[in-house]
Structure formats: C-alpha cells, structure tokens
Amino acid sequence: QVQLVESGGGLVQPGGSLRLSCAASGMIFSIYVMGWYRQAPGKQRELVAYITSSDSTNYADSVKGRFTISRDNAKNTVYLQMNSLKPEDTAVYYCNAHWVMYQYWGQGTQVTVSS
C-alpha cells in the first residue's frame with residue numbers, strides 16, 4: 001500500500017522560509033516522478049514543482065528562484081525548500097508520485113504566509 005506523508009507546513013511571516021518533506025512508503029521511490037502541488041481556497045490545484053527519477057526539475061513561474069525541490073532516494077523522501085515566501089503562497093501543499101499509469105497523493109499540509 002503506497003503512502004505519502006507530508007510534513008513541515010505551518011505559519012510563517014512574509015519573507016520567511018519553510019521546508020516541506022514528503023516521506024513515501026510501499027513503492028519503488030526512485031523510479032517515480034515526485035511533485036508538489038498546491039491548492040488555495042477557491043482555486044484549482046496547481047503544480048508547484050516536480051523532480052524526475054534522473055533529478056531533472058521543473059518549476060511554476062510563480063516560484064522560480066524561490067523554491068527548490070530535491071529528493072533523497074535513500075530516505076524515500078522528497079523536499080520542497082521554500083524561501084522568500086509571499087502571502088499568495090498560502091495554500092494546502094500536496095505531495096504527488098507519478099509513474100506511467102500510477103499516481104498517488106498525500107493528504108496535504110497547510111502553509112500560511114501572514115504577518
């Protein structure tokens with residue numbers, strides 16, 4: 001049974017930083033494309049960043065230069081380092097694992113950027 005468990009969300013002031021983690025189990029982690037999505041109230045879920053099995057990365061324009069995605073295959077974990085956070089980054093952040101027709105989601109972690 002595949003499980004994705006996010007952690008690291010919370011309340012942070014504008015300009016601050018957070019590091020999200022997503023621990024995976026029940027899957028061959030290294031072959032999956034791992035991604036982070038977010039969904040703000042009243043908005044559709046959107047892709048934030050993803051990292052492939054060969055460590056290629058891609059970012060939404062809104063987070064380029066501020067967020068960094070990385071993975072540790074030995075720990076079956078993907079990270080999202082978020083710097084220079086803005087109020088518009090406030091959302092529930094979801095971890096995603098994708099390989100061919102298989103796709104899994106975590107339960108989400110809340111990130112709130114507010115003074």
Inset, instruction - With a 1.4 Å probe and every protein chain kept in, tell me what percent of the accessible surface of the chain is carbon plus sulfur. - result: 47
Legend entry - Evaluated at q = 0.14 Å⁻¹: base-10 log I(q)/I(0), Debye formula over Cα of the chain: -0.51
Legend entry - From the C-alpha gyration tensor of region 1-56, square roots of 5λ in Å: 23, 14, 13
Inset, instruction - Mind checking which of Ala74, Ala49, Val33 is farthest towards the positive end of region 33-77's charge dipole, using Cβ charges of +1 (Lys, Arg) and -1 (Asp, Glu) about the Cα centre? - result: Ala49
Inset, instruction - Check the straight Cα-Cα distances from Lys86 and name the lysines below 24 Å, setting aside those fewer than 8 residues away within the same chain. - result: Lys43, Lys64
Inset, instruction - Could you work out the relative contact order of region 72-115, using alpha carbon pairs under 8 angstrom and six or more residues apart, expressed as a whole percent? - result: 37
Inset, instruction - With a 1.4 Å probe and all protein chains in place, put Met27, Met34, Met101 in order of accessible area, largest first. - result: Met101, Met27, Met34
Legend entry - the chain - accessible surface per residue (Å², probe 1.4 Å): 53
Legend entry - Relative contact order for the chain, counting Cα pairs under 8 Å that sit 6 or more residues apart, in percent: 36
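The values are calculated or read from the model by the stated rules, or taken from the named source; none is laboratory data. Given the structure is predicted, the values throughout are model-derived calculations rather than measurements. Ideal geometry is used to build each Cβ from the backbone, glycine not excepted, and the neighbour counts take in all protein chains shown. Note: areas computed on protein heavy atoms with side chains; ligands, DNA, RNA excluded. Shrake-Rupley method; radii C 1.70, N 1.55, O 1.52, S 1.80 Å.
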